[in-house]
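The next block holds one structure in the form of structure tokens; read it before the comments.
The values are calculated or read from the model by the stated rules, or taken from the named source; none is laboratory data. Bear in mind that the values here come from a model prediction, so they are computed numbers and not experimental data. Note that we place each Cβ from the backbone using ideal geometry, even for glycine, and neighbour counts take in every protein chain shown.
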Amino acid sequence: MKRTSIKTPLIASLLTLALGGFTLNTVQAADMSHDTVTVGGQSMLPSKDIVDNAVNSADHTTLVAAVKAAGLVDTLKGKGPFTVFAPVNSAFTALPAGTVDTLLKPANKATLTHILTYHVVAGKLDMMTLAEKIKAGGGKAELTTVAGGKLWVMMNGPHNITIKDEKGDVADITTYDVYQSNGVIQVIDKVLMPKS
């Protein structure tokens, strides 16, 4: 994971000079205070929304196709904030043969939407926030997804968080805190599945 530090005061000063005295507003300056993370070979810019960043990641082409098929683009471009646990392509490939093709069919849009919104939690839950929730919960924290289901997050060592779904399968967060203008993406290595 490659991080490029972006320092708000320096950038704001340079832009002020370049724009002949125009200054950034507080929201724009705050967006630039987070590091830019490289995911799928592309920089994920904190100034862009979840969808605009995800479409550039070579590791998330299946997820993006699923989001489009489910009609969730406008939702994930919304104000939020959202935390998206974003499975990489290999996580979808690991599903039983034919699962992704079946889910992408128009007749299965409701099921696909349910699975995808099971990966989304309201709020901006970065690693520090998740770790605090886990500590407060005595080693485990329960999250309620936008789909209405439950996920459980647990520490697995000092710097690794795992997520358990309703079927009991566990995913690792492989890239943390990919900040977006409308939330944060936590990249995961498995597709999370709701009980029903």
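At a glance:
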item: Exclusive hit being surrounded by 15 or more Cβ atoms within 10 Å (Cβ to Cβ), over 19 Å from Gln186 (Cβ atoms) and not small (Gly, Ala, Ser), set Val88, Val84, Val67, Val100; result: Val100
item: Residue tally, condition buried (at least 20 other Cβ atoms within 10 Å of the Cβ) and touching a Ser or Thr at 6+ places or on another chain (Cβ under 8 Å), over region 147-184; result: 7
item: Test for Leu104: is it of a type outside the set (Gly, Ala, Ser) and modelled with pLDDT of 95 or more; result: no
item: Residue within region 15-34 that is surrounded by 16 or more Cβ atoms within 10 Å (Cβ to Cβ) and either modelled with pLDDT of 50 or more or within 14 Å of the chain's Cα centre (by Cα) (or both) present; result: yes
item: Count of residues meeting criterion [small (Gly, Ala, Ser), assigned to a helix (DSSP H, G or I) and within 16 Å of Ile185 (Cα to Cα)] in region 103-140; result: 1
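This table checks each residue for (1) touching a Cys at 6+ places or on another chain (Cβ under 8 Å); (2) within 18 Å of Thr145 (Cβ to Cβ); (3) modelled with pLDDT of 90 or more.
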position	(1), (2), (3)
Asp59	no, no, no
Val64	no, no, no
Ala70	no, yes, yes
Ala86	no, yes, yes
Thr99	no, no, yes
